[in-house]
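This report concerns only the one structure given below.
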Amino acid sequence: MLRGSFELIGDKSISHRAIMFSSISKGNNKISNFLMGQDCLSTISCFRKMGVDIDIQGKYVFVKGNGLRNLKKPSDILDVGNSGTTIRLMMGILAGNNFESTLIGDESIGKRPMKRVTDPLKSMGCKIEGKDDANYTPIKINGGNLNAIDYHMPVASAQVKSALILASLYANGQSTIHEKVKSRNHTEIMLKSFGADISVDGLSIKVNPVEELYNQDIYVPGDISSAAFIIVGALISEGSEVLIKNVGLNESRTGIIDVVKSMNGNIEILDKRFVGGEVVGDILVKYTPNLVSTTIDKEIIPRLIDEIPVIAVLATQGEGTTIIKDAHELKVKESNRIKAVVDNLKKMGADIEELEDGMIIKGKSKLKGAEIETFKDHRIAMAFSIANLISDGEVKLDNKLCIDISFPGYFDLLKYLSK
């Protein structure tokens, strides 16, 4: 049972972008409610190596921006750790800066495909070398002198889109990026506040080069991808009632709420408001004994891709057959999340079948304790810690530390809500 209220930690996607855009802006920036997770700290480390003065004081980060074209050649190899957001977005910035840099990451990053970013950057004139035609790290970038691009994205990816938007700030004319499906738009919102010349028309984004970006004070709302675990925990754990405060409710990220409502979940949005261009609100969620199944497909996938592991846990408690499809991207996250979810839920007694692009889950299932292989993937570890709330027997994670990547203090919060 989970009961209580709390203010959510800062959004990971927005925290990354706040550091990056502040670093290439002109002037002093203040970032409030910054997420001190390992991924975001990797972003700080990389920009410090490029001469940016970044000072951490509690939940505040102060960044003295170098300006759009005044990053320094890195003092060392840029190690992004486990962060796909760091490496992909930073490639867009490095492509526009006139120096050579080398990017590496951990074992997981070494398996994640980068051609989706490096190929369009090459077409803009950037010199990029790397393993398997710059599909895998280490990747060497020699930036500067970029041409504008008119690019139709083959995959729905906010990371790819953001990298190209950032590169377009340095290009020699107007660039247009066309999405297949709307992905999270934090980059467009925040860059506009910094003074970027960006316009959005449906699925097309036009970007004009600018001379400078200008300093901002940024409040980072709570991370709905992190809230998703507590939301599911409250829905499935008898007697639960939780109020999650100051959650980012950008419509490109709220797929989890739509899914919960479609499953008959008891969830309510309170005090909805705008903060720094982003929609923020409080989420009240209560135990729901009569959950039903749903279908999740391509239209909504980009709005909840990171939440699918815990949605799968939720689906085991819904009457009927839940189908998750068109989720190929799950295979190239920190782990193959389709296989990781299916194999681990089978160990717990769930009726679940793996698909090429998703899974089929038949509920309602009684879950039992099991030893869970997390693959050092924070989302897998958290999803199965939530399954533990209703399992008959203990769920043992082979790696809990990976959760610090996105949600430091997670187990302390669960303990507080479980009192």
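The values are calculated or read from the model by the stated rules, or taken from the named source; none is laboratory data. Every value quoted in this text rests on a predicted model; they were computed, and no experiment measured them. Cβ coordinates were reconstructed from backbone atoms using ideal geometry, including for glycine residues, and neighbour counts include every protein chain displayed. Heavy atoms of the whole protein, side chains included, go into the accessibility calculation; ligands, DNA and RNA do not. Shrake-Rupley method; radii C 1.70, N 1.55, O 1.52, S 1.80 Å.
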Item to complete: Return yes or no: is Gly276 buried (at least 23 other Cβ atoms within 10 Å of the Cβ), in contact with a strand residue (DSSP E or B) (Cβ under 9 Å, 6 or more places away or on another chain) and not β-branched (Val, Ile, Thr)?
Response: no
Item to complete: Give the residues of the range 383-419 that are farther than 24 Å from Ala350 by Cα and assigned to a helix (DSSP H, G or I), sorted by residue number.
Response: Leu401, Cys402, Asp404, Ile405, Tyr410, Phe411, Asp412, Leu413, Lys415, Tyr416, Leu417
Worksheet item: Between a first residue in the range 1-24 that is closer than 19 Å to Ser193 by Cβ and among the small types (Gly, Ala, Ser) and a second residue that is open to solvent by 10 Å² or more (accessible area, probe 1.4 Å) and part of a helix (DSSP H, G or I), which pairs have beta carbons less than 8 Å apart while being 6 or more apart in sequence or on different chains?
Response: Ser13/Thr85; Ser13/Ala158; Ala18/Met190
Practice prompt. Return only the number of the condition from (1) in contact (Cβ under 8 Å) with a residue 60 or more places away in the chain; (2) open to solvent by less than 10 Å² (accessible area, probe 1.4 Å); (3) part of a loop (DSSP other than H, G, I, E, B) that Ile93 does not satisfy.
Written response: (3)
Worksheet item: Right, Glu307: at pLDDT below 95 and not in a strand (DSSP E or B) or not?
Response: no
Worksheet, complete the sentence: Considering the range 155-182, residues that are in a loop (DSSP other than H, G, I, E, B) and under 14 Å from Asp201 (Cα atoms), and then whichever is least open to solvent (accessible area, probe 1.4 Å), we arrive at Glu179
Worksheet item: Which ones in the range 330-382 are part of a loop (DSSP other than H, G, I, E, B), of a type outside the set (D, E, K, R), within 20 Å of Asp404 (Cα to Cα) and open to solvent by less than 60 Å² (accessible area, probe 1.4 Å)?
Response: Ser335, Asn336, Thr374
Fill in: Hey, Lys115 open to solvent by 60 Å² or more (accessible area, probe 1.4 Å) and basic (Lys, Arg) or not
no
Discussion item. Among the residues of the range 18-56, what is the count of those that are within 22 Å of Val247 (Cα to Cα), part of a strand (DSSP E or B) and not charged (D, E, K, R)?
Written reply: 2
Worksheet entry | Selected residue [within 22 Å of Asp39 (Cβ to Cβ) and either surrounded by fewer than 16 Cβ atoms within 10 Å (Cβ to Cβ) or not acidic (Asp, Glu) (or both)] from Asn246, Asn264 | Asn246
Discussion item. With the requirement that a residue be surrounded by fewer than 20 Cβ atoms within 10 Å (Cβ to Cβ), among the hydrophobic types (A, V, I, L, M, F, W, C) and within 16 Å of Ile236 (Cα to Cα), what does the range 387-416 give you?
Written reply: Ile390, Leu414
Worksheet item: Among all residue pairs at least 6 apart or on different chains, which show Cβ distances below 8 Å where the first residue, located in the range 341-354, is touching a residue at least 40 places away in the same chain (Cβ under 8 Å) and the second is open to solvent by 80 Å² or more (accessible area, probe 1.4 Å) and part of a helix (DSSP H, G or I)?
Response: Ile352/Lys346
